[in-house]
Structures are given as C-alpha cells and as structure tokens.
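Only one structure is covered here, and it is reproduced in the block below.
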Amino acid sequence: MRYLFLFLIFSALVCKGEDNHYIFSYFTENGQDGLHLAYSTDGLNWKVLNNGKSFLKPTVGADKLMRDPFILPGKDGIFRMVWTCSWKERQIGYASSKDLVNWSVQTPVPVMATEPIAKNCWAPEMVYDLQNQNWIIFWATTIPGRHSDIADSEKEKGLNHRMYCTTTSDFKDFSTTRMFFNPDFSVIDATIILRKNVYYMFLKNENPNPPEKNVRVTSSGNAFGPYPTQVSPPITGNYWAEGPTALEIGAYVYVYFDKYRDHKYGAVRSRDMKVWEDVSDHVSFPQGVRHGTAFRVSEELFNKLINIQ
C-alpha cells in the first residue's frame, strides 16, 4: 500500500510537469511582421521565443497582415491557425503546422463572400465541436444596415459588429456562413473554452457610447450554442480590455487580455466561472504583445521551441 501511495504521488507530479508547457501566439505593432510566440511554465510569466523574431510572415490579404493569430492544437497533432489578414476584406487567413515552426501554404478563406457589403472579418477563432465532429470558425463582422449605427467617433463610424461562423471538417470545404452570436450590443473578439462539459464564450462588449470596452462571459452546453445573449457583467476592471484568451491551469481558468490603452497585458482568473479575481499585477508578458492566444503543447515540442536560436 505504501508503494502504491508513493507511485500515485509520483505519477501526479509527472503528469503535472507534463501539463505545464504553455505557448502564447501573438502579433506586434500592426501585424505585418507575422506570427510571434512566447512560452511559460506557470501561466504567469511569459518570455519570447526565437529571440522575439517572427515565426511566419503573412502572404494573404491585400494588407498582408497577421493580426489576432489564433492557434488551436488538434488531437491529431496538427496546430491550426486562423487570423485577421486585412482590415476591410471579406476573408480570413488559414495555415497549419505540426511543430509551430514549419507551416503549410497560407490560404485565404472567403468566409463573408456571400455578403458583398460586409465591411470586415476580424479576430477569427475556432472551437472543435465534439458533437458534430467538425471545427466552428467564428469572427466579428459589420454588415451595414443590419444593426443601427452606434459610433461616437469617426474611427468607429459605421461599425456595429456581430459574431458570424462557418463549419468545416477538412479546411477545404466550408458551410454557408451564418450568424453565431447576436446580442444587443456590438461584439468582437469572442473566444471559447470547454470546461467540465460546458462551453464558455468570452467576448468584448465594443459599445462606444457609453463606452464599455470590457470582457464578459456567456455559456452553453453545446459548442454551437445557442449562447445566451444576456451575458455576465464585466469580468475585467476599470480599464479597456480586448482580445481575451482562456487557459485552464489547475483549479483555475485564466483569461488573458490586451489592456490596449495601457499598452500592456492583464489577466483575471476564476475557480467557478462566476467570481473573477484580477491578477494583472501578477502576470508578465514580452513588450509589445498584441491580441494573442494561449494553449498547451507537449514537453517534447516545448523543449524544441525554447532551444530555437
């Protein structure tokens, strides 16, 4: 019995060690430099990989951008990435990799091709739908006339976003685009995490007047929803936040976000997905990090990445 007890302790420590290998994908400045990666073993302190150099330069889109790079690890060992490739086009970028270093040919995905007056396709992300065995890709788009103008500045004039989506099982054929999340406010930067059989969607309330600019959460028992449009109160504080990404570490779910007016990153965490603690003062990110996503990798891949010079 004593040996069994020691073995269980040892196994738990090994499993914990194998689990603490985290990567953060992000962009810098305007996104023309491409994909950047950082690493962490505790989810709090993040350091640059590849000496801060880009892992992948953008080739698709009129503006040749790689903003908001979202990477989803697959159980098949493939990392799939989608990103904002242009400010005003009706498409997003897609590429895949087995090691986060060598990437497939970048492909433009015309997700809003059926909406000729759509103004943009921003911050695409994905979730794997276990029930339907496919990927759901979702992003923010403004289609003029669908919702009232809420702008209070020239910069936001004509923008009132909702979340749209498409599904795919092979990233070659895509379903007809449809509305994914339609609250009574302008919404961007949605991200989804599965925890204890519940899909939690974090999102930014983008309303400018009165200014919201905060992160909220809603949830569903299904990846495709529906997600209640009566979302939570803000889980972020008295600052402007965007680009949330969620990562489960031990008993907590951490939500990292871009405190874009302060030019730094912040985080909140929760045990029960109801009460949120601001831990922004306890996280550190490389300078210049913009709208990224956090995910786990294997110990083997982690060690290869941190040794790249």
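The values are calculated or read from the model by the stated rules, or taken from the named source; none is laboratory data. Only a predicted model underlies this, so the values are computations on that prediction, with no experimental measurement involved. Methodologically, a virtual Cβ is constructed for each residue, glycine included, from the backbone with ideal geometry; neighbour enumeration extends over all protein chains shown.
Here ASN30 clears all of (1) over 18 Å from the mean Cα position of the chain (by Cα); (2) assigned to a loop (DSSP other than H, G, I, E, B); (3) not β-branched (Val, Ile, Thr) except the condition numbered (1). For the range 200-214, filtered to residues that are assigned to a strand (DSSP E or B) and more than 14 Å from the chain's Cα centre (by Cα), the residue that is surrounded by the fewest Cβ atoms within 10 Å (Cβ to Cβ) is PRO211. Looking only at the range 34-70, which residues are out of contact with any Gly (no Cβ under 9 Å at 6 or more places or on another chain), under 25 Å from MET112 (Cα atoms), crowded, with 16+ Cβ neighbours inside 10 Å and of a type in the set (A, V, I, L, M)? Correct list: LEU35 only. Among strands (runs of 3 or more DSSP E) entirely within the range 45-99, having at least 3 residues that are at pLDDT below 95 and among the acidic types (Asp, Glu) singles out no element at all.
Within the range 156-187, the residues that satisfy the criterion of being out of contact with any Gly (no Cβ under 9 Å at 6 or more places or on another chain), farther than 12 Å from VAL127 by Cα and in a strand (DSSP E or B) are ARG162, MET163, TYR164, ARG178, MET179, VAL187. PRO108 falls short on exactly one of the conditions (1) part of a strand (DSSP E or B); (2) over 18 Å from PRO58 (Cα atoms), and that condition is (2). Summed over the range 260-279, the residues that are over 14 Å from ALA246 (Cβ atoms) and assigned to a loop (DSSP other than H, G, I, E, B) give a count of 7.
Looking only at the range 158-191, count every residue that is crowded, with 19+ Cβ neighbours inside 10 Å, under 20 Å from the mean Cα position of the chain (by Cα) and within 23 Å of ASP258 (Cα to Cα) and tell me the total. The qualifying residues number 11.
Take the residues in the range 281-301 that are touching an Asp or Glu at 6+ places or on another chain (Cβ under 7 Å) and assigned to a helix (DSSP H, G or I); name whichever of them is surrounded by the fewest Cβ atoms within 10 Å (Cβ to Cβ). Applying the filter and picking the extreme gives GLU299. Can ILE193 be described as at pLDDT 95 or above, aliphatic (A, V, I, L, M), in a loop (DSSP other than H, G, I, E, B) and over 27 Å from ASN30 (Cβ atoms)? Against the criterion (at pLDDT 95 or above, aliphatic (A, V, I, L, M), in a loop (DSSP other than H, G, I, E, B) and over 27 Å from ASN30 (Cβ atoms)), ILE193 does not qualify.
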